[in-house]
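Enquirer: This is the structure, below, for whatever I ask next.
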Amino acid sequence: MDVELLEIRQHMGRFPPFDGLSDDLLDAIAEQVEVSYYKTGSNILALNDTLNDLCYIRSGAVEVYRSQGELYNRLGEGDIFGHFSLLRNHKVRLPAKAIEDTLLYFIPNAVFQRLCEEDENFADFVELERPRLETAAEQQKKSNDMMVTRIRKLLTLYPVMVEATTSVQQAAQQMSKAQASALLVLKEGGDNPRFSFKDREGKTWQMCGILTDSDFRTRIVAEGLPPQTPVGDVVSSRLITIQSDASVYEAMLTMLRSNVHHLPVIYRQRPVGVVHLSDIIRYETHSGLYLVSNIFNQSSAQGLARLASDVRASFVRMVQEGANSQMVGSALSTIGRSFTRRLLELAEAELGPPPVPYCFMVNGSMARNEQSIVTDQDNALILSDDFNPEQHDDYFYALAKIVSDGLDACGYTYCKGDVMATNTQWRQPLSVWKRYFQDWMANPTPERLLHSSIFFDLDSCYGEDHFVETLQDLIAHTAPKSPLFLAAMARNALNRTPPLGFFRTFVMEQDGKQNNSINLKRRGTAPMVDLVRIHALACGSKAQNTVQRLNDIGKTQLLANGMSEKLSYAFEFLCMSRVRHQMIDIQEDRLPDNNIEPENVADSERHTLKDAFQVLSNAQKFLKFRYPMPAQRQGR
Amino acid sequence: MFGIRPRQKITQADWIGYMAQRAQRANNPAIQQFFSTPLPDPETPIAEVPMVSLDMETTGLDERRHAIVSIGLVPFTLNRIKLAERRYWVVKPSRPLDEASIAYHHITHSEIAQAPDLDEILDELLAQLAGRLVVVHFRNIERPFLNAAVKARRGEGVLFPMIDTMSLEARLHRQTLWARFRRWLGRPPVSIRLHTSRSRYNLPGYQGHHALVDALATAELLQAQIATHYRPETPLKDIWC
């Protein structure tokens, strides 16, 4: 067909959402495309023009604006625009201008509508923000079911298999060659349908037993059998196997129950491998559960510090197994809390029992159960009101010092803002803490709250939990009635804004400036956490976790319908991107950080990230409007 | 690669008068129909002129010795190039293909063996061109080849005004004072071939030497030239030749 020569199909097929289309649909587009050239600086779409085509950038670059003239997006080769208008009333809402000499393909509305109808992914892609974030978040949720690891994941080698007539000597030679500690014995034909299978030539085989290293000792050498003995004569008739889709846990139980160390793994009656107890132990060593129990078995701070590398290994494994960011965050927080608790136990063993009751409080990400692999420590001590500084503070300072130094050695670096129990200001009796919080809420200024907002994520880690609960109650009671406080917090929450998106290999800022990388925490997850915290404070929620806070907010009228779900999706996606890029850092032997480089962002991730940034940006605008400074409210 | 000899220069100061005259004298109905379809007035702003980009692949450069092997065309306006209305024909040349030209435009003997004679598609071709301003890159191929081929088959030729993107490029790069100064310095002249011209306007590179691809490439080039050096209001008479 002549249209193929024009290479339109090939070009479009390289870019989303066209890359997922069938060849027939791509041909249908190429057949109908109209082409136009735009000189640098010329207008492509003007506000309220009628638009009847989807615009595709064949070459060049285009900027899209909001109706007030604010930059909305910068687009390059393979990007599309105009779909929002086509899905609504065909009036241009976002004007567009060529910022380089640009060649555009116009895809007529009829073709566009056909694509939306016939290709679900295409329809998802062009629908604004919510569906794409939702799909991305749901896909992550689906893959969580994989958390139950199947035993087949532990198999690395194909099993060594011999016929029953093979001599034990030949069998031993084959095992040595394959470096296997067990072999499977097969015989032709078969009476046991559980283990009968057909090979490629259609011959029926049946697995009749397993012979392990120790069997060679006990059944052959110890019995004085000659090397020519057929393996069929010595193989144990007792055959314990496991199906390949059983969980690692089931495999472990089977071994314990039957007192065997080798298990043939079966897929559709056919052996696909042999798993040994050591495979399971090696695997379990990297699990979070094992790590936590190991933390509590350490008898010194040095021992704890040696576990730091296990934390990374267990993080990588969780991500690979498809955990979502909530699971990763809460697992890492549990691990962090375990380190802290163990250090406190060790400190108490060294210093003796505490002179007055205390609560070791954690703040920031650990309190929210959203810890990442790149983190510092934020903690404080709430002491009983019986605390007498002259008599008791030496003890608590020493306690705080042991914990803080210990955590630093385990990879939780000292807090740059000095939010640590070693700081006298943050090592105070409950009554003083109450006063702190009352003062922050009654006399707020954005400057004063800048460094104290971290205390509004607070949770008990060890000791008298009710001290922290008292403070949580106080906050939940006072904050909703403190508009000035909420306004000051809101002001601070707008200090960090998300970028607009990506353009070629750059991160593009709201003002159109381009950067080489983006700190996803500073520009994404942290502003989102700040924003959600304010709504949570306003509605008196006592939840600390961002997603739980959003659930609480969703039950109120604070946000428009569906907004809290949308924020939840966006948050999950931002966190997950950060987690994924940290995993890549670790796997490539780099120090994990919060930065992502646009060239490492896949096309689909790029579009979803842009949507998430957009959701955050809109939510920030709403925040300014929802919690105005009272002075503004009087209209001065 | 091919011998070029001087040929009769075709210029027509009064295209409208010429077309009317030919319409009266024409014997062949298709040709009569072609010439009596009115062309836009020379004063018409270029933005309002219906155009058609035309490209031919030939077995050589001399219409007296060589023949047409394929024809591609794409109707367009300054605003939009309408690919849905594109046409493309392979035709059987009246003279044999030589291997050198096969290497050039990749049309093979077997493709040509099944192709119709130009005469069979001529009515359709003329109907596509009628009433539209034909745009080519280097008119000294399309104009004499089409004229000669039609004359051989229907007893009378076709000549009509064209916009030549190559001569627009030459005006900018070969006929300015700066260009003459460069020539005086002995610098090679700026290339005005289709694909180098396109790159000056940041148009993407295409696989060349296919009549349909080149017709699209020429239409895009004209859009870029007008956007860069002229205005949508520029009258047709300033651009055609």
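Read-outs throughout are calculated quantities, based only on the coordinates presented, and are distinct from any laboratory measurement. Quantities reported herein were computed from a predicted structural model and do not represent experimental measurements. When we count neighbours, we look across all protein chains shown, and the Cβ atoms used for this are built from the backbone with ideal geometry, even at glycine.
Enquirer: Amide H neighbours of A:ILE44 under 5 Å, at least 5 residues apart or on other chains, H built in the peptide plane: list them.
Expert: The answer is A:ALA96, A:LYS97, A:ALA98.
Enquirer: So, one more: Provide the per-residue ³J(HN,Hα) series for the range B:231-241, in order, calculated from phi with Karplus coefficients 6.51, -1.76, 1.60 and θ = phi - 60°, each as a whole number of Hz, with x at glycine and proline positions.
Expert: Once θ is set to phi - 60°, the couplings for the range B:231-241 become 10, x, 7, 3, x, 3, 5, 6, 10, 6, 7 Hz.
Enquirer: Same structure again: Does the range A:378-474 come out rounded, prolate or oblate by the C-alpha gyration tensor, with a ≥ b ≥ c the root eigenvalues, rounded set by a/c under 1.5 and, if not, prolate when a/b is larger than b/c and oblate if not?
Expert: Oblate, since a/c reaches 1.5 and b/c is not below a/b.
Enquirer: Suppose only helical runs count, i.e. DSSP H with n ≥ 4. What mean residue ellipticity at 222 nm does that imply for chain A under -39500 (n - 2.57) per run, divided by all residues and rounded to the nearest 500 deg cm²/dmol?
Expert: -13500 deg cm²/dmol
Enquirer: Quick one: pull the percentage of alpha-carbon pairs in the range A:540-632 with a separation above 14 Å.
Expert: In whole percent, the share of Cα-Cα pairs in the range A:540-632 beyond 14 Å is 73.
Enquirer: Here is a further query. From the gyration tensor of the Cα coordinates in chain B, what semi-axes in whole Å does the equivalent ellipsoid have, largest first, with each one equal to sqrt(5λ)?
Expert: Here the semi-axes work out to 27, 24, 18 Å.
Enquirer: May I pose another question? Taking H as built 1.01 Å from N, whose amide H comes closer than 5 Å to the amide H of A:PHE503, not counting residues under 5 places away?
Expert: Here the answer is A:MET508, since their amide H atoms fall under 5 Å of that of A:PHE503.
Enquirer: With viscosity set to 1.306 mPa s and temperature to 10 °C, compute the Stokes-Einstein D of the range A:302-401, Rh being the Kirkwood radius across alpha carbon pairs; µm²/s, no decimals.
Expert: 105
Enquirer: Report, by chain and number, residues whose modeled amide H sits under 5 Å from the one on A:LEU186, excluding near sequence neighbours (fewer than 5 apart, same chain).
Expert: A:VAL162, A:GLU163, A:ALA164, A:CYS208
Enquirer: In terms of the ratio Rg/(2.2 N^0.38 Å) built on C-alpha atoms, what value belongs to the range B:10-69?
Expert: 1.43
Enquirer: Lys/Arg Cβ at +1, Asp/Glu Cβ at -1, dipole of the protein assembly as shown taken about the Cα centre: which of A:HIS276, B:THR37, A:THR608 is farthest positive-ward?
Expert: Among A:HIS276, B:THR37, A:THR608, the one farthest towards the positive end of the dipole of the protein assembly as shown is B:THR37.
Enquirer: Ratio of Rg to Rh for the range A:448-564, alpha carbon only, Kirkwood?
Expert: Reported Rg/Rh, Kirkwood definition of Rh: 1.05.
Enquirer: Using the Cα centre of the protein assembly as shown as origin and beta-carbon charges of +1 (Lys, Arg) and -1 (Asp, Glu), tell me which of A:HIS392, A:ILE518, B:LEU133 is placed farthest towards the positive end of the dipole.
Expert: About the Cα centre, the residue reaching furthest to the positive side is B:LEU133.
Enquirer: In square nanometres, what is the average projected area of the Cα convex hull of the range A:190-301?
Expert: Mean shadow area of the hull around the Cα atoms is 10.6 nm².
Enquirer: For the range A:7-109, what percent of Cα pairs sit more than 23 Å apart?
Expert: Distances greater than 23 Å cover 22 percent of the Cα pairs.
Enquirer: Across 5 Å bins from the origin, how do the percents of Cα pairs in the range A:430-491 run, short distances first?
Expert: Histogramming the range A:430-491 at 5 Å steps yields 4, 18, 30, 26, 14, 6, 2 percent.
Enquirer: Once the Cα gyration tensor of the range A:8-62 is found, what semi-axes does its equivalent ellipsoid get, as square roots of 5 times the eigenvalues, in whole Å, sorted largest first?
Expert: The equivalent ellipsoid of the range A:8-62 has semi-axes of 24, 13, 10 Å.
Enquirer: Short version: ³J(HN,Hα) in whole Hz for each residue of the range A:403-415, in order, from phi by Karplus 6.51 cos²θ - 1.76 cosθ + 1.60 (θ = phi - 60°), x for Gly and Pro, what are they?
Expert: Rounded to whole hertz, the list is 5, 5, 5, x, 4, 4, 5, 7, x, 9, 5, 4, 6.
Enquirer: Which ³J(HN,Hα) values in Hz, rounded to whole numbers, follow from the phi angles of the range A:538-552 under the Karplus curve 6.51 cos²θ - 1.76 cosθ + 1.60, where θ = phi - 60° and Gly and Pro get x?
Expert: 5, 9, x, 6, 9, 5, 10, 6, 4, 5, 5, 4, 5, 4, 4
Enquirer: Could I ask something else about it? Eigenvalues of the Cα gyration tensor times 5, then square-rooted: what semi-axes does that give for the range B:78-195, in whole angstrom, largest first?
Expert: Computed over the range B:78-195, the values are 32, 20, 15 Å.
Enquirer: Next question. Applying 1/(1 + (r/R0)^6) with R0 = 22 Å to the Cβ-Cβ distance of A:ARG257 and A:ALA164, what FRET efficiency is obtained, to the nearest 0.05?
Expert: It comes to 0.20.
Enquirer: Note the per residue figure in Å³ for the convex hull of the C-alpha positions in chain A.
Expert: Cα-based convex hull of chain A, divided per residue, equals 213 Å³.
Enquirer: Efficiency by 1/(1 + (r/R0)^6): what FRET value for B:ARG65 and A:ARG200, r their Cβ-Cβ distance, R0 = 60 Å, to the nearest 0.05?
Expert: Computed FRET efficiency for B:ARG65 and A:ARG200 comes out at 0.40.
Enquirer: For the pairs A:LYS401/A:LYS566; A:LYS521/A:LYS624; A:LYS39/A:LYS610; A:LYS401/A:LYS624; A:LYS153/A:LYS521, note any where the Cα-Cα span goes beyond 31 Å.
Expert: Beyond 31 Å: A:LYS401/A:LYS566; A:LYS401/A:LYS624; A:LYS153/A:LYS521.
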